[in-house]
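Reading through the structure tokens given below for one structure.
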There are 2 protein chains.
Amino acid sequence: MTLTNNSKRRKELVAIAARLFCEQGYERTTVRMLADAMGIKSGSLFHHFNDKQEILCAVIQDGMESAMAIADHALTGLTDPKERFKALAKAHLSTLLNDRNAHVVALYEWRSLTDDSLNVLIDMRDQYEQLWQQVIDDCVAAGLIKGDQPLIRRFALGALNWTVQWYDAEGEKTPDDLAQALGELIGLG
Amino acid sequence: MTLTNNSKRRKELVAIAARLFCEQGYERTTVRMLADAMGIKSGSLFHHFNDKQEILCAVIQDGMESAMAIADHALTGLTDPKERFKALAKAHLSTLLNDRNAHVVALYEWRSLTDDSLNVLIDMRDQYEQLWQQVIDDCVAAGLIKGDQPLIRRFALGALNWTVQWYDAEGEKTPDDLAQALGELIGLG
DNA sequence: TCTCAAATCTAGCGCTTGCTTGGTTTTTTG
DNA sequence: CAAAAAACCAAGCAAGCGCTAGATTTGAGA
């Protein structure tokens, strides 16, 4: 196997791992549980991954790539700051919902990562937050909202990330509704 | 020992456990690590607690009791909805800062609790959120903010809880500043 | 000073953990 | 179809885990 194997099989395994890590937590999920859910024996896992932590890193990485792709796509073509904010919030909520397992894992389990893995993921996170910062800066520059700009970004992302604690996909509210509600709350009718 | 021992010694042990659980996570913290940090042998731990999970529960319980006490105290005497909101936000941030270890553990590690422990803690959490809901309902009733009221509560608590991820006690911003900034962001100048 | 309970220690049991090794099967490819 | 590569399995090791049992120490009250 290569160091950063991106085979289709590996993607499948990572998705299964994401589900178990999300449901039970990383440390409580044993390699035997993972292997069972994947339909292989525990030893075979280490053909695809060098160690357990690498699986965790892959789960989070996939989630972040997905988030970045969805956000980029949502913003293309939009120029109005208010519309860009709402589109980004909606994209964020969509990926939280669609790739919920990976994002819950990212929120909860980053302390189990090695320093090397953490550095890679922090870079990706910073890049994503930079996207948010630009959109918020534009809103402030246009006079739509007031206040400390990094602080607004942190409040907004905090409010959105917290949705994984309570948001029910079967409920009546769509990501669109939530993004709209957040916009209204901070004065972006 | 009694089932719910509240001795001074136990409080000390719980505070030490909170620190380790916060720094390394519950599952990665072994009873031997806990005992070392407490200056006793691992076996002696089980004189104070029935099992490891009970320590986790005690950590979270202490944090919640602290949060509730600070919030109650902050609200006594205040009647103006806007002032009550800001006082509650400030109280929330203060307890997040003062009892940071316990609150980080509560946010990250509730999945390791038994059902019995979880039920107790969920009741406490619901009680605390009820306090928030009333304050927000009053703001909406007074026409200070608009929107779905439980949703506002969730956005606000999300924004505030997220501060444990980035807030630096050594920085220049006080809990007061942050509470003020959040108030302004949602139109409670 | 004696008593007794609370607190601690010593020693280790039984089990699970992540991971390894060496060999076998399956799949891909020229 | 043959050879190479990828995927998998069977078996198990060394280490660490939560927790227990029984003996010992400590400290406050009679």
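General remarks:
- In the range B:73-86, the residues that are of a type in the set (A, V, I, L, M, F, W, C) and crowded, with 19+ Cβ neighbours inside 10 Å: B:Ala74, B:Phe85
- For the range A:56-68, the count of residues that are closer than 30 Å to A:Val135 by Cα and either open to solvent by 50 Å² or more (accessible area, probe 1.4 Å) or assigned to a loop (DSSP other than H, G, I, E, B) (or both) is at least one.
To keep it simple, each residue is scored yes or no on (1) within 14 Å of chain A (Cβ to nearest Cβ); (2) in contact with a Ser or Thr (Cβ under 7 Å, 6 or more places away or on another chain); (3) of a type in the set (Asp, Glu).
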position: B:Lys8; (1), (2), (3): no, no, no
position: B:Leu56; (1), (2), (3): yes, yes, no
position: B:Thr79; (1), (2), (3): no, no, no
position: B:Lys82; (1), (2), (3): no, no, no
position: B:Ala89; (1), (2), (3): yes, no, no
position: B:Leu97; (1), (2), (3): no, no, no
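- The set of residues from the range A:13-48 being near DNA strand C (Cβ under 10 Å from one of its atoms), touching a residue at least 24 places away in the same chain (Cβ under 8 Å) and not in a helix (DSSP H, G or I) comprises A:Tyr26, A:Glu27.
- B:Ala17 within 12 Å of DNA strand D (Cβ to nearest atom), surrounded by 14 or more Cβ atoms within 10 Å (Cβ to Cβ), among the small types (Gly, Ala, Ser) and more than 14 Å from every other protein chain (Cβ to nearest Cβ): yes
Residue-by-condition table, conditions (1) touching a residue at least 12 places away in the same chain (Cβ under 8 Å); (2) over 17 Å from the mean Cα position of the chain (by Cα); (3) more than 11 Å from chain A (Cβ to nearest Cβ):
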residue	(1), (2), (3)
B:Ser94	yes, no, yes
B:Glu109	yes, no, no
B:Cys139	yes, yes, yes
B:Asp148	no, yes, no
B:Gln165	no, no, no
B:Gly183	yes, yes, no
B:Gly187	yes, yes, no
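- Subset of the range A:111-137 that is among the β-branched types (Val, Ile, Thr) and away from chain B (no Cβ under 14 Å) - its residue that is farthest from the chain's Cα centre (by Cα): A:Val135
- Tally, over the range B:3-12, of residues that are near DNA strand C (Cβ under 8 Å from one of its atoms) and either open to solvent by 80 Å² or more (accessible area, probe 1.4 Å) or touching a Leu at 6+ places or on another chain (Cβ under 8 Å) (or both): 1
- Among the helices (runs of 4 or more DSSP H) confined to the range A:87-179, the ones with at least 1 residues that are among the small types (Gly, Ala, Ser) and surrounded by 21 or more Cβ atoms within 10 Å (Cβ to Cβ) are located at A:100-109, A:149-161.
The values are calculated or read from the model by the stated rules, or taken from the named source; none is laboratory data. Since we're looking at a predicted model, the values are computed, not measured. Counting neighbours? That spans all protein chains shown, and the Cβs are built from the backbone with ideal geometry, glycine included. Just the protein is used for accessible areas: all its heavy atoms, side chains included, with ligands, DNA and RNA removed. Shrake-Rupley method; radii C 1.70, N 1.55, O 1.52, S 1.80 Å.
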